[in-house]
């Protein structure tokens, strides 16, 4: 069994639920993918980190940091960074806050000291529905002078996220679409 197939098994076992749910986007859905249940497991985190790193390394221009919006991206950015180190190609991680820090530096972004100024970054998320959260992250990251070189999710729900990001000039890559995960 390859890594992608094993990750699919873990996602279906730990993260996929049926029922009635309200998503971050405000939409209601008859299924929910709680990505953190997978990304906070040791094997799930490793596989996500490895598969996302493979997508990052295929980019036309080098990616120099990986980040995303807290909380969904926190375990993912750590996993990608750790796997990159183990594979002798270290990529630092950063986290984008939902609100600016109310004390100290007041930063939206944590991990700036590990990132070259103006570097090209990959933004990652566990699950994308409409793409709204990623647009917010892109805005904050670009406001700090960084260039977004890749946008990647573990699961793309096929509910408008690809189009939203494409309309803004970005390509959303995924390990799985909803269709691929549920087939």
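The values are calculated or read from the model by the stated rules, or taken from the named source; none is laboratory data. Bear in mind the structure is a predicted one, so any value in this text is a computation, not a measurement. Using ideal geometry, Cβ is built from the backbone for each residue, glycine included, and neighbour counts are taken over all protein chains shown.
Could you tell me whether the stretch 14-30 includes any residue that is surrounded by fewer than 21 Cβ atoms within 10 Å (Cβ to Cβ), in contact with a strand residue (DSSP E or B) (Cβ under 9 Å, 6 or more places away or on another chain) and closer than 21 Å to residue 146 by Cβ?
no
Only one residue in 91, 124, 175, 152 is buried (at least 20 other Cβ atoms within 10 Å of the Cβ), touching a helix residue (DSSP H, G or I) at 6+ places or on another chain (Cβ under 8 Å), in a loop (DSSP other than H, G, I, E, B) and touching a residue at least 24 places away in the same chain (Cβ under 8 Å). Which one? Walk me through it before giving the result.
Numbers: 124 fails: in a loop (DSSP other than H, G, I, E, B); 175 fails: in a loop (DSSP other than H, G, I, E, B); 152 fails: in a loop (DSSP other than H, G, I, E, B).
From the options 91, 124, 175, 152, the qualifying one is 91.
Would you confirm, using the coordinates I've provided, whether residue 50 is in a helix (DSSP H, G or I), under 14 Å from the mean Cα position of the chain (by Cα) and more than 28 Å from residue 107 (Cα to Cα)?
Details: in a helix (DSSP H, G or I): yes; under 14 Å from the mean Cα position of the chain (by Cα): yes; more than 28 Å from residue 107 (Cα to Cα): yes.
Taking the combined requirement at face value, the residue satisfies it.
Could you say which residue among 55, 76 is assigned to a helix (DSSP H, G or I), within 20 Å of residue 157 (Cβ to Cβ), modelled with pLDDT of 95 or more and out of contact with any helix residue (DSSP H, G or I) (no Cβ under 8 Å at 6 or more places or on another chain)?
On the way: 76 fails: out of contact with any helix residue (DSSP H, G or I) (no Cβ under 8 Å at 6 or more places or on another chain).
None of the others qualify; the one that does is 55.
Take the residues in the stretch 94-120 that are part of a helix (DSSP H, G or I) and in contact with a strand residue (DSSP E or B) (Cβ under 8 Å, 6 or more places away or on another chain); name whichever of them is nearest to residue 58 (Cα to Cα). Quick ask: steps written out before the conclusion?
The initial filter retains those residues of the stretch 94-120 that are part of a helix (DSSP H, G or I), namely 112-114.
This time we only want the ones that are in contact with a strand residue (DSSP E or B) (Cβ under 8 Å, 6 or more places away or on another chain), so: 112, 114.
Working: 112: 24, 114: 22 Å.
Residue satisfying both the conditions and the ranking: 114.
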